[in-house]
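Heads up, the thing below is written out as structure tokens.
Each reported figure results from applying straightforward, stated rules to the coordinates on display, with no laboratory input. Everything quoted here is computed from the prediction, not taken from an experiment. Note: ideal-geometry Cβ built from the backbone for every residue, glycine included; neighbour counts use all protein chains shown.
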């Protein structure tokens, strides 16, 4: 089962209690996202096709409870991506049932192109609960979400610009800014950042999705912190290696100029340790002295050695 299917399985169990307005809003969302009025066997039928058994079950129950209509459901196999996947179909064929649905529909309608479009006169936007239910229906109808560890991408595929604009307006009212693109004959509303996706999942009632995204977010932050720490440590190692190399050059120069033997005992002591431990840090060298010397104390002595080496360089 895909991650999207798991989420739809969860969403199909979300209760809207006895709020008929929310049930209608959810049904409207699913209708505009994945229902078509088509001509079949010389008559018009309402049809929904999906790979999600949860979405079909949710719609089936909604039609029964809201309109006392019993849809026909079919299961068939369709060739998709070289594999045979189960596809679920919901049909409402009876003319009286169709009239009952569309004559009484308070939130959707059919346009001249037989496209199911939102037509609620602002009813859905009157309540947050209805807007959330509507978006849940939209996702159940044609939403999909990439596996969280594969990237951030949630999308809803539609065909009507009117429906797209309405969905975007509902998202905006709930604080989510979505993007839109064309894909062949379809319009796609999509979200690309983890925070917006988490907000959307919270709105439609998917705790499983939120937990998955938050877990990935924590893991990503941990990896980033570890990478920063490793990069910092590598940078420090590189810095130590460069400084040690410069110190060895200064010491070798003093030896070549016959100045090394005349160094004060404290400087000669620190120079001998650098020669013996060419990759050691200043802290390490300081700990090898008796008594031990602080990092700043070791650095000060190497600065004195550099000054003497620079005098040799300047005097040619």
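What to note about this one:
- Of the three principal axes defined by the Cα atoms of region 167-253, the extents in descending order read 75, 31, 23 Å.
- Largest GNM mean-square fluctuation among 236, 207, 165, using the chain with Cα springs under 10 Å: 236.
- GNM flexibility winner over the chain from 306, 179, 23 (Cα, springs under 10 Å): 306
- Relative contact order %, region 240-314, counting alpha carbon pairs below 8 Å whose residues are six or more apart: 39
- With neighbour counts taken as other beta-carbon atoms within 10 Å, the residues 283, 120 rank, fewest first, as 283, 120.
- Mean sequence separation of contacting Cα pairs (under 8 Å, at least six apart), scaled by the length of the chain, corresponds to a relative contact order of 15 percent.
- Centre-to-centre, using Cα atoms only, region 251-316 and region 187-201 are separated by 60 Å.
- Under a Gaussian network description of the chain, with springs only between Cα atoms under 10 Å, the residue in 276, 13, 41 that fluctuates furthest is 276.
- Each Cα pair under 8 Å and six or more residues apart adds its separation to the average, and for region 176-312 the resulting relative contact order is 17 percent.
- In a fully extended conformation the segment linking residue 106 and residue 184 would gain 24.9 nm over its present Cα-Cα distance, using 0.36 nm per residue.
- Mean-position separation - Cα centroids, region 25-47 and region 100-168, in angstrom: 13
- Taking region 86-100 and a reference point 7 angstrom along Cα→Cβ of residue 70, the backbone N atoms nearer than 19 Å belong to 89-100.
- Rounded FRET efficiency, nearest 0.05, which uses the C-beta distance separating residue 42 from residue 169 and R0 of 41 Å: 0.60
- Residue separation of residue 259 and residue 304 scaled by 0.36 nm, minus their Cα-Cα distance, works out to 14.9 nm of gained length.
- Entry note, the chain: the mean residue ellipticity at 222 nm calculated from DSSP H runs of n ≥ 4, each adding -39500 (n - 2.57), is -18500 deg cm²/dmol after division by the residues and rounding to the nearest 500.
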